[in-house]
Amino acid sequence: TAELLTETERAGSADGYTRHTLHTEPTFSVSAVVWRPGQITEIHDHLVWCSFLVLQGTETENIYDIDGDHLVRIGQRQRPTGSVSGTAPPDDIHQVHNTGDTVAITLHVYGADLSQGTSVRRTYHLKETR
């Protein structure tokens, strides 16, 4: 339930999506991400596996592959409240955003202690062809 965050945390930030670390251990981390309508990540991949649950709203994910020197969008998934999914390297190039008109909140479990950083391995600035 989204009530694991305070009312202020659930409101998000106009500056961009916000990540709230809820728990870390040497082998995993739990965080909640709050997305206001229109907020989006860079195209990126990860260092470790991640599973996530959409607690509120709808999350949209664009999935990419590299073809030579450019990115090709090979899919798009919309995940409404209650959806569960995951991703794992090396085939995890994606971009996540809130295409809905309400705040979206997602709960993530990562396979590493991320208390000192992020799970993002790299971001992509290649030209998208689709």
What distance in nm separates the two pseudo spin-label positions at S115 and T99, each 7 Å out from Cα along the beta-carbon direction? 3.8
Full-extension gain between R73 and T21, please, as 0.36 nm times their residue separation minus the C-alpha to C-alpha distance. 15.7 nm
Rounded, prolate or oblate: pick one for region 46-86, where a ≥ b ≥ c are the square roots of the eigenvalues of its C-alpha gyration tensor, a/c under 1.5 means rounded, and failing that, prolate if a/b is larger than b/c, else oblate. oblate
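Over the chain, what is the relative contact order in percent, taking alpha-carbon pairs closer than 8 angstrom and at least six residues apart?
36
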Inter-centroid distance (Cα atoms) of region 52-129 relative to region 1-27, Å: 17
Specify the residue with the greatest mean-square fluctuation among V30, V72, V109, computed from a Gaussian network of the chain linking alpha-carbon atoms under 10 Å apart. V72
Compute the distance in nm between two label points, each set 7 Å from the Cα along the Cα-to-Cβ direction, one at E3 and one at W49. 3.2
Of the DSSP beta bridges with both residues in region 43-130, give the percent that are antiparallel, rounding to the nearest 5. 95
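Each reported figure results from applying straightforward, stated rules to the coordinates on display, with no laboratory input. Predicted model, so just to flag it, every value in this text is computed and none were measured. We place every Cβ from the backbone using ideal geometry, glycine too, and count neighbours over all the protein chains shown.
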